[in-house]
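Below you'll find the structure, written out as structure tokens, and then a few comments.
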Amino acid sequence: MKTFEISGQVRDQVGATQAKATRHNGMVPAVMYGEGENLHFDVPTLVLEKLLSSSDTHLIKVDLQGKTHTAVLREVQYHTVSDEIIHIDLYAVKENKPFEVSLPILFQGTSKGVLAGGTLVKKLRSLKVVGTIETLPERVTVDISNLELGKTIKVKDISVEGITIRTASSAAIVTIDIPRSLRGDKAAEATPGKK
């Protein structure tokens with residue numbers, strides 16, 4: 001997995017008033033859990049915007065007063081009107097200890113169904129998986145080259161070495177819709193004697 005480094009300022013006080021002051025100073029309140037006592041700190045808004053602009057999942061190296069913690073992003077809260085980042089949750093992870101994270105899906109190849117006139121419909125953009133720092137890839141690659149008209153790839157159809165996929169096995173990842181103009185032809189093919 002890719003690594004992203006941030007430096008935070010430890011915060012002793014918590015609460016709505018303190019959080020508002022933090023955001024006014026160009027920072028975002030953050031909390032990291034998973035290492036016993038929760039750690040509250042502030043992170044520069046501009047740094048977080050850079051992290052969140054990527055679709056990749058990162059291991060985040062958080063420097064707090066000279067001590068480095070390794071974590072993954074758990075949740076981002078946005079203001080309902082302004083879309084401003086108002087809070088983030090991080091989860092501390094350790095070597096050889098499994099943890100859950102969402103990995104983006106990379107679709108690879110051009111499907112037979114698209115070449116035949118179908119429409120590629122992406123049902124999922126990411127998968128929930130469990131793995132360790134050592135085994136987690138940057139993304140899950142799904143080969144769609146052999147996907148034909150009307151066919152679907154489900155979670156149960158794929159596997160990735162070193163990780164366990166937690167997304168429901170019956171969930172559709174990608175499908176090829178048959179356009180209306182081709183549906184009549186498909187029906188005719190399926191009914192003997194009709195042209």
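Among the residues of the stretch 115-138, just one is more than 21 Å from residue 160 (Cα to Cα) and crowded, with 17+ Cβ neighbours inside 10 Å, namely 118. Would you check if there is a residue in the stretch 8-15 being without any contact (Cβ under 8 Å) to a residue 60 or more places away in the chain, crowded, with 17+ Cβ neighbours inside 10 Å and in contact with an Asp or Glu (Cβ under 7 Å, 6 or more places away or on another chain)? Yes, some residue in the stretch 8-15 is without any contact (Cβ under 8 Å) to a residue 60 or more places away in the chain, crowded, with 17+ Cβ neighbours inside 10 Å and in contact with an Asp or Glu (Cβ under 7 Å, 6 or more places away or on another chain). For the criterion of being closer than 30 Å to residue 20 by Cα, surrounded by fewer than 14 Cβ atoms within 10 Å (Cβ to Cβ), within 13 Å of the chain's Cα centre (by Cα) and not assigned by TED's automatic domain parsing to the domain that holds residue 169, residue 53 passes.
Here 151, 156, 122 are screened, and the one residue that is basic (Lys, Arg) and free of Cβ contacts under 8 Å to residues at least 24 places away in the same chain is 156.
Considering every residue within the stretch 99-114, establish whether at least one is free of Cβ contacts under 8 Å to residues at least 24 places away in the same chain and small (Gly, Ala, Ser). The answer is no, given that none of the residues of the stretch 99-114 is free of Cβ contacts under 8 Å to residues at least 24 places away in the same chain and small (Gly, Ala, Ser). What's the number of the condition residue 27 fails, among (1) modelled with pLDDT under 90; (2) within 18 Å of residue 1 (Cβ to Cβ); (3) in contact with a helix residue (DSSP H, G or I) (Cβ under 9 Å, 6 or more places away or on another chain)? With respect to (1) modelled with pLDDT under 90; (2) within 18 Å of residue 1 (Cβ to Cβ); (3) in contact with a helix residue (DSSP H, G or I) (Cβ under 9 Å, 6 or more places away or on another chain), residue 27 is out only on (2). Quick check on the stretch 71-78. Is at least one of its residues out of contact with any Ser or Thr (no Cβ under 6 Å at 6 or more places or on another chain), among the polar types (S, T, N, Q), surrounded by 12 or more Cβ atoms within 10 Å (Cβ to Cβ) and modelled with pLDDT of 85 or more? Yes: one or more hits.
Out of 121, 62, one residue alone is closer than 30 Å to residue 148 by Cα and of a type outside the set (Gly, Ala, Ser). It is 121. Out of 66, 34, 26, one residue alone is of a type outside the set (Phe, Trp, Tyr), crowded, with 16+ Cβ neighbours inside 10 Å and at positive phi. It is 34.
Selection of the stretch 21-63 for residues being of a type in the set (A, V, I, L, M, F, W, C), in contact (Cβ under 8 Å) with a residue 40 or more places away in the chain and under 15 Å from residue 75 (Cβ atoms) yields 28, 30, 31, 32, 43, 48, 51, 60.
The values are calculated or read from the model by the stated rules, or taken from the named source; none is laboratory data. In this text, all values refer to a predicted model and were calculated from it rather than measured experimentally. So basically every Cβ, Gly included, is an ideal-geometry build from the backbone, and we count neighbours across all protein chains shown.
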